[in-house]
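Student: Just dropping this structure here.
The values are calculated or read from the model by the stated rules, or taken from the named source; none is laboratory data. These figures come from a predicted structure and were not determined experimentally. Cβ atoms come from the backbone with ideal geometry, glycine included; neighbour counts cover every protein chain shown.
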Amino acid sequence: MTTPQLVASLSDSTSSSRRSKDTLFLTVLWASLLLALLTLAALVINTLISGASSLSWNFITFFPSPFPEDSGIQSALFGSLWVTLTSGVISLSLALGTAIYLEEFTNPDSRLQRFITVNIQTLAGVPSIVYGILGLAFVVRGPLGWGFTVGSAAATLTMMVLPLMIVTTREALKAVPSSLREGSYALGATRWQTVYRQVLPAARPGIATGSILGVSRALGESAPLILLGALAYVSYNPTGFDSDFTVLPLMIFKWATEVQDEYRGLAAAAIVVLLLLLFALNAVAIIIRDRSRIKW
Amino acid sequence: MTTISSAAVASLLPTGHVKKQRRIEKVVVGALALIASSGVIITVGIVFSLMQPTYKFFTERAISGYASDETFVGIEESGAGLRDSSDISFADESLIQYAEPVSLGDFFGSTAWYPQYEDGDFGVLPLIVGTLLVMLTATIVAVPAGIGIAFFLNQYAKERTRRVLKPLLEVLAGVPTVVFGFFALVFVGPYIAKNIWPFSDVGIYSGLAAGITVGLMILPMMATLADDAMAAVPNSLVEGAFALGATRREVCTGVILPAGLSGIMAAVIIALSRAIGETTIVLLAAGSQAVWTFNLGSEMQTMASYIGFAGIGDQPVDSKGYQTIFAVGLLLFIITFGLNMLSRKVVKRFREVYE
């Protein structure tokens, strides 16, 4: 008898009931896993089947129209591009500034840093619809009064993705070893020179992946924009920050709420486009992450 | 003692170049501090923007919400421009309906939520019950399965399997909520919710379909957070249990679960708060009637989906209907804020510290 068998036979006289419990447990775990995988599969397959007939080059280049067969998503694509790029650039700059300040210029134990950190964690837990309320009260109407424009939507989404961006940017800065900073100081560099010439270049891949995550959040987000009141079909591309617009998630929402089946097909086709865009973004993030894995 | 040349001493003193660097440093720190305050400004903005209309909702008379179309002339149809109450000209002054301020007792005590009528009811209980029902359904779907997946990833999966599964979960977590909402409407509702609810007929819109789909949406997040919590359990404990002859199942339920409980509970609370705040899925799948019911097979509205719904119907600023958005929004904000605080407390209070 080998040792493990001996141990097993000694350890428990009711080992067969234990073993059947083990099997049952593993079955439950597999079932949990299957639930997640089947969801993903059902979601993708179901969308592809209902969207296939509407997907065409015309669908990409046409504008929304009262007739389902002539409807397309060009204005929504351009709207998404405008809004997502604008909010991405602004939130990345704000997140970089905040993260650099907190990580490189304040003491981790200081009351200021703890206060801002808790504040950002709180913001990260706020439901996205609440950011919509903030945008509605402050940006669309109220003090700024921009109306429902590209600028309002970009401002709202910027506020929404900022906490996430700050957290990922801070992680990227934290991952840079302190030996790099100390070496730079030893050579006589100031703090800012160290940050600018050593830390930021070293943290660039981490920052890039983090901001791509933030941008994909903004690209797929619908709730705050629904609240801002833009569900009209817009049949022209945005021309500036004060322009009307629609975005891909809102087109999907609008089409999904229509009763006729043709509109469901349009919604599904638009979902396929949205998911492809998101997968492409994520693929870029993964490539950056893998290419630049630096071992410190 | 060696003499130091005056040139060497001079090189150690601040020169113009160094002084310039110091100035740059000061400007940079100031600018960064300013940027870092943006988060605080947003928080203040949220609280302020919610408080003011909510206060008016409870204390002031206002134009009745969703006032019927005949009441107004000259409202623009398109999304362009401002639609303040000042933009609206009244066809006939006598047609304007006013709603009285809502008392806190009516708000929390009444079971009727009909803000759209001129003589509206403003009892938020149907929205709260709807939120709880959808949240409970989502919990039943996401929490056990999420912990199960985490056990699998943590104890059973080989490194290769993990490397396939983790990105798949990330993909699922990255699917936009509007896509899940469509999925709920065309798949979960008609094919799943309709067939598993024994207590009543399930229509096109149901709290059940919304709850199941919200559960599926938060499942990957639940699994990832629970996996992180389990990974924090020290290996020595796990190996000790194996050395005593425990099976993998016994290690999971007897060691990892209790040792990682604080993190797992925090994960559950964070997932719950995501479920409570979910708007688009519920808006698409659960209908637009705030029905006072405990039957999951019925249409219902949650707090978040009401806010989204009220935002679609374009309402004049400072009307009663407009103010409900903020009153309900403040309630939602307080609840999710409380849950997030709780999750942080749970981690601190119940964390088992090893070594």
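Student: Of everything in region A:187-212 that's touching a helix residue (DSSP H, G or I) at 6+ places or on another chain (Cβ under 6 Å), in a helix (DSSP H, G or I) and at the interface with chain B (Cβ under 9 Å from one of its Cβ atoms), which residue is surrounded by the fewest Cβ atoms within 10 Å (Cβ to Cβ)?
Tutor: Applying the filter and picking the extreme gives A:192.
Student: Which members of region B:145-189 meet the condition of being facing chain A (nearest Cβ under 7 Å) and within 14 Å of residue A:29 (Cα to Cα)?
Tutor: B:145, B:148, B:149, B:151, B:152, B:156
Student: Would it be correct to say that residue A:28 is modelled with pLDDT of 90 or more and either assigned by TED's automatic domain parsing to the domain that holds residue A:75 or over 14 Å from residue A:272 (Cα atoms) (or both)?
Tutor: Working: modelled with pLDDT of 90 or more: yes; either assigned by TED's automatic domain parsing to the domain that holds residue A:75 or over 14 Å from residue A:272 (Cα atoms) (or both): yes.
Answer is yes for this residue.
Student: While we're on this one: Residues being away from chain B (no Cβ under 13 Å), part of a helix (DSSP H, G or I) and not small (Gly, Ala, Ser): count how many of those fall in region A:73-125.
Tutor: Count: 10.
Student: Right, here's the next one. Suppose we filter A:202, A:172, A:189 for residues that are farther than 30 Å from residue A:136 by Cβ, of a type outside the set (Asp, Glu) and in contact with a Gly (Cβ under 7 Å, 6 or more places away or on another chain); which single one remains?
Tutor: Values: A:202 fails: in contact with a Gly (Cβ under 7 Å, 6 or more places away or on another chain); A:189 fails: in contact with a Gly (Cβ under 7 Å, 6 or more places away or on another chain).
Selected residue: A:172, the only one of A:202, A:172, A:189 that is farther than 30 Å from residue A:136 by Cβ, of a type outside the set (Asp, Glu) and in contact with a Gly (Cβ under 7 Å, 6 or more places away or on another chain).
Student: When you look at residue A:184, is it more than 30 Å from residue B:183 (Cβ to Cβ), more than 10 Å from chain B (Cβ to nearest Cβ) and of a type in the set (S, T, N, Q), yes or no? Give the steps one after another, and end with the answer.
Tutor: Values: more than 30 Å from residue B:183 (Cβ to Cβ): yes; more than 10 Å from chain B (Cβ to nearest Cβ): yes; of a type in the set (S, T, N, Q): yes.
Against the criterion (more than 30 Å from residue B:183 (Cβ to Cβ), more than 10 Å from chain B (Cβ to nearest Cβ) and of a type in the set (S, T, N, Q)), residue A:184 qualifies.
Student: Do you know which residues across region A:45-64 are at the interface with chain B (Cβ under 9 Å from one of its Cβ atoms) and out of contact with any Phe, Trp or Tyr (no Cβ under 7 Å at 6 or more places or on another chain)?
Tutor: Hits for region A:45-64 are A:47, A:50.
Student: Among the numbered criteria (1) within 17 Å of residue A:218 (Cβ to Cβ); (2) free of Cβ contacts under 8 Å to residues at least 60 places away in the same chain, which single criterion is violated by residue A:169?
Tutor: (2)
Student: Residue A:170: assigned to a helix (DSSP H, G or I), buried (at least 19 other Cβ atoms within 10 Å of the Cβ) and of a type in the set (D, E, K, R), yes or no?
Tutor: The answer is yes for residue A:170.
Student: Consider residue B:258 against the criteria (1) buried (at least 16 other Cβ atoms within 10 Å of the Cβ); (2) within 24 Å of residue B:347 (Cα to Cα): it satisfies all of them except one. Which criterion is unmet?
Tutor: (1)
Student: For region A:53-65, enumerate the residues that are in contact (Cβ under 8 Å) with a residue 24 or more places away in the chain and not in a helix (DSSP H, G or I). Can you show your working first?
Tutor: Initial filter on region A:53-65 (in contact (Cβ under 8 Å) with a residue 24 or more places away in the chain): A:53-55, A:59-60, A:63-65.
Those that are in contact (Cβ under 8 Å) with a residue 24 or more places away in the chain and not in a helix (DSSP H, G or I): A:53, A:54, A:55, A:63, A:64, A:65.
Student: Could you name every one of the helices (runs of 4 or more DSSP H) located completely within region B:249-315 that has at least 2 residues being without any contact (Cβ under 8 Å) to a residue 40 or more places away in the chain and more than 30 Å from residue A:15 (Cβ to Cβ)?
Tutor: Correct list: B:303-312.
Student: Which condition does residue B:243 not pass, out of (1) touching a helix residue (DSSP H, G or I) at 6+ places or on another chain (Cβ under 9 Å); (2) free of Cβ contacts under 8 Å to residues at least 60 places away in the same chain; (3) surrounded by fewer than 20 Cβ atoms within 10 Å (Cβ to Cβ), if it passes all the others?
Tutor: Of the numbered conditions (1) touching a helix residue (DSSP H, G or I) at 6+ places or on another chain (Cβ under 9 Å); (2) free of Cβ contacts under 8 Å to residues at least 60 places away in the same chain; (3) surrounded by fewer than 20 Cβ atoms within 10 Å (Cβ to Cβ), the odd one out for residue B:243 is (1).
Student: So residue A:75 clears everything in (1) surrounded by fewer than 22 Cβ atoms within 10 Å (Cβ to Cβ); (2) out of contact with any helix residue (DSSP H, G or I) (no Cβ under 7 Å at 6 or more places or on another chain) except one condition, right? Which one?
Tutor: Exception for residue A:75: condition (1).
Student: Also, quick follow-up: Suppose we filter A:226, A:288 for residues that are within 10 Å of another protein chain (Cβ to nearest Cβ) and either in a helix (DSSP H, G or I) or within 16 Å of the chain's Cα centre (by Cα) (or both); which single one remains?
Tutor: Exactly one residue qualifies, and that residue is A:226.
For (1) over 16 Å from the mean Cα position of the chain (by Cα); (2) under 20 Å from residue B:207 (Cα atoms); (3) surrounded by fewer than 17 Cβ atoms within 10 Å (Cβ to Cβ); (4) of a type outside the set (A, V, I, L, M, F, W, C), each residue gets a yes or a no:
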residue	(1), (2), (3), (4)
B:283	no, yes, no, no
B:287	yes, yes, no, yes
B:296	yes, yes, no, no
B:300	yes, yes, no, no
B:307	no, yes, no, no
B:310	yes, yes, no, no
B:313	yes, no, yes, yes
B:327	yes, no, no, no
B:351	yes, no, yes, yes
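Student: Give me the pairs: first residue in region B:317-341 and among the acidic types (Asp, Glu), second residue part of a helix (DSSP H, G or I), beta-carbon distance under 9 Å, and six or more apart or on different chains, which are they?
Tutor: B:318/B:53; B:318/B:56; B:318/B:85
Student: Can you pull out every residue in region B:190-213 that is more than 12 Å from chain A (Cβ to nearest Cβ) and not in a loop (DSSP other than H, G, I, E, B)? First the steps, then the outcome.
Tutor: The initial filter retains those residues of region B:190-213 that are more than 12 Å from chain A (Cβ to nearest Cβ), namely B:193-203, B:206-211.
Across region B:190-213, the qualifying residues are B:193, B:194, B:195, B:196, B:207, B:208, B:209, B:210, B:211.
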